[in-house]
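S.K.: Just passing along the structure, written as structure tokens.
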Amino acid sequence: MPIINSTNTDLLKEFYDKDIFQIPELRATTQDIRPLKIGIVNLMPNKKETEIHLMKALSNTPLQIELDLIRTKSRKSKYTDMEYLTKNYKTLNEIKNNKYDGLIITGAPVEHLEFEEIDYWDELKELFEFARTHVYSSLFICWASQAALYYYYGVQKRNLGSKLSGVFEYELAEDSKLTRGLDDNFFYPQSRNTENEEAELRKVPDLKILARSDEAGVCISSSVDERFVFISGHGEYDTDTLYNEYIRDLSKGINPSIPRNYFKNDDPSNRILVRWKSSASLIFSNWINYFVYQQTPYQIEKIEQKVVAKFGGSSLSDSAQFAKTKDIILSDKNRTHIVVSAPGKRHDEDIKVTDLLESCYELKIKQLEIEKQRKKALGQVYERFKEISENLKLPSHVFSLISKTVEDIEDSIHRDFIISRGEYLNAQVLAAHLGYRFIDASELIFFDETGLVDEAKTYLEIQKKLNKEEFVVIPGFYGKDFNGNIKTFERGGSDITGSIIARGMSADLYENWTDVDGVMTDDPRINENAVTISEMSYEQLLEMSRNGAKVYHPDAVNPVATASIPLRICNTNKPSNLGTLIQKTKHNN
Ligand code: ASP
């Protein structure tokens, strides 16, 4: 694709019509095509050289590209002067409100350090999060691929012992549009001291290995939805880049091995055998064409992540809380799939709707003469929903639905049906309030004969019914059993519903909105020094939930953990707080 614009205009001028295919802006505006917005986070020491490499690699299709060069601000470059960087590069702060069709993060000379030891690691983590929400497809090269695999999936890098340098032959391992048109075997340059082991990558359900070799490991992998691409090598390298690195290392006295399969007969005095450029060019063009251009929305602002957001009972306990919940949902258009609990306590002495329903059931079943008490509890349920709906000025059909559901509860002796009606009605009310569609959990979540979730059927139905549907509200806490009756999870089980929906939809994020600031070091009502834990692993959350922390149901960890979907626990009453982010941070979590 011609490059029509870049933050580094000097460089474009220098290379005009030489190696980087460019078209003037005037001509670009007369082509009826939206230019793709690509960001390059350049972490390589020789920034200018890398810019040229990548621009050449990217400029080879008929599509138009606008480039932003991005740098970290927490690190001063040793080899590139600050004036050049400030003139041509933007920092994360400057781009954080932009959306990009594609983002490339390059390699970096920091392989010898643990990721957390790197001075710009925090900034990089922000960039990885940014890639999830503001970028259609991200391409991570060499060290950045190892860093991203560690950040997103907890895969550790491994030291190779000696540098893997040279041009290696790879075979295609799985069908993908990224490698379309490549021969079964192709060559790709490598230059690194660390690797991701193939066996470790294969353990991650969200990863596909696209090209590999016995000799040089995995060359290309991607996430299942193909929005993250990880390339371990440097297809963008020029003819002499590996040679220059070899000479540099020689002069440093490192005693490097001769780059393999690079010089004719592996003799540095012979010519360089260029065998990777056509494959590399095809891979970059395929990325730009298939993974970016053919998929990214025409309106770049629509690049989005799929967020499933679950709101607990305290977030929906009365109409004021409904209003806060509505603001939160509407403040981010990615929040398209909402799961709700029944109205919780409005104050300490209050009774949760599910508890009221539970006593309706108990009193009925025990056939106590205290019919009055049962009627009272049911009356309270009716009043609660009526009050919320009146305050929210909801249309009359909502009131009819509330009355009808209360009658259904009267007529039923089925516990799970009765106690699930809190979620059912709350989802109906919130859907009417938001103008969203109500989809019943009994159409999405199925239990088998043994009472466990029938995963195959459940995930199939979720994919079928929800993937094309946006702006829906789903009641938490229940599904349908083997005989077609309503069946609930354990108390607190709306968390499980949300987690299952997030997994079924391959969401990018599962938000769990509650009334505390996230996972805390202690119960804040007992210990005023309790603080929020900003990040933790699924394993740590599971352990805390099993040990009695009430903030999240332990059975709700597994669905999101299996699919490596990050979970954020946040406070409906303080929506700008970041809460706790739970994700795969260490291997085997
Ligand atoms: N409303 C149900 C309960 O109180 C389920 C939930 O809130 O998650 O247990």
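The values are calculated or read from the model by the stated rules, or taken from the named source; none is laboratory data. Computed from a prediction, not measured in an experiment: that's the story for all the values here. Because the Cβ atoms are built from the backbone with ideal geometry, glycine has one as well, and the counts that use them run over all protein chains shown. Heads up: the accessible areas ignore ligands, DNA and RNA and are worked out on the full protein's heavy atoms, side chains in. Shrake-Rupley method; radii C 1.70, N 1.55, O 1.52, S 1.80 Å.
S.K.: Report the gain in length on full extension from VAL224 to LYS465: 0.36 nm times residue separation, minus Cα-Cα distance, nm rounded to one decimal.
M.R.: Full-extension gain reported as 84.7 nm.
S.K.: Defining a contact as two alpha carbons under 8 Å apart and six or more residues distant in sequence, what relative contact order in percent does the stretch 197-320 show?
M.R.: Value for the stretch 197-320: 12 percent.
S.K.: Sticking with this structure for a sec: Restricted to Cα positions, what overall size does the stretch 109-248 have along the principal axes? Three whole-Å values, descending.
M.R.: 37, 33, 27
S.K.: Treat the stretch 472-589 as a sphere of radius equal to its Kirkwood radius over Cα pairs and apply Stokes-Einstein at 20 °C in a medium of 1.002 mPa s; give the translational diffusion coefficient in µm²/s, rounded to a whole number.
M.R.: So the translational diffusion coefficient is about 145 µm²/s.
S.K.: Continuing with this model, one more query. Which GluC sites (Glu not before Pro) from the stretch 189-246 combine a DSSP loop assignment with at most 16 other Cβ atoms within 10 Å?
M.R.: GLU197, GLU215
S.K.: Ok, one more. What translational diffusion coefficient, to the nearest whole µm²/s, does the stretch 183-293 have by Stokes-Einstein, given a Kirkwood radius computed over alpha-carbon pairs, a temperature of 4 °C and 1.567 mPa s viscosity?
M.R.: 83 µm²/s
S.K.: Using DSSP to call loops (not H, G, I, E or B), can you name the trypsin sites (Lys or Arg not before Pro) in the stretch 483-571 whose Cβ has at most 14 other Cβ atoms within 10 angstrom?
M.R.: Within the stretch 483-571, the qualifying trypsin sites (Lys or Arg not before Pro) (loop, at most 14 other Cβ atoms within 10 Å) are ARG491, ARG525, LYS550.
S.K.: Continuing with the same structure: Ranked from highest to lowest mean number of other Cβ atoms within 10 Å per residue, what is the order of the peptides 460-473, 507-520?
M.R.: Put in order of decreasing packing, that is 507-520, 460-473.
S.K.: Filter the trypsin sites (Lys or Arg not before Pro) in the stretch 144-224 down to the DSSP loop ones having no more than 14 other Cβ atoms within 10 Å, then list what survives.
M.R.: ARG180, LYS203
S.K.: Return the equivalent ellipsoid semi-axes of the stretch 106-158 as a descending list in whole Å, where each equals the square root of 5 times an eigenvalue of the C-alpha gyration tensor.
M.R.: 18, 12, 10
S.K.: Rounded to whole Å and ordered largest first, report the semi-axes of the equivalent ellipsoid of the chain derived from its Cα gyration tensor (root of 5λ).
M.R.: 53, 24, 22
S.K.: Quickly work out the GLU198-to-LYS76 label distance, labels modelled 7 Å from Cα along the C-beta direction, and quote it in nm with one decimal.
M.R.: Here the answer is 4.5 nm between the modelled labels.
S.K.: Mind computing the radius of gyration and Dmax over the alpha-carbon atoms of the stretch 42-100? Å is fine for both.
M.R.: Cα only, the stretch 42-100: 12.5, 36 Å (Rg, Dmax).
S.K.: For GLU51, GLU449, write out the residues from largest to smallest accessible area, computed with a 1.4 angstrom probe and no ligands counted.
M.R.: GLU449, GLU51
S.K.: While we're looking at this one, here's another question. Using a/c under 1.5 as the rounded threshold, could you call the stretch 35-170 rounded, prolate or oblate? The axes a ≥ b ≥ c are square roots of the C-alpha gyration tensor eigenvalues, and prolate needs a/b larger than b/c, oblate otherwise.
M.R.: Note, shape of the stretch 35-170 comes out rounded.
S.K.: In whole percent, what relative contact order does the stretch 469-578 give with Cα contacts below 8 Å and a gap of six or more residues?
M.R.: 31 percent
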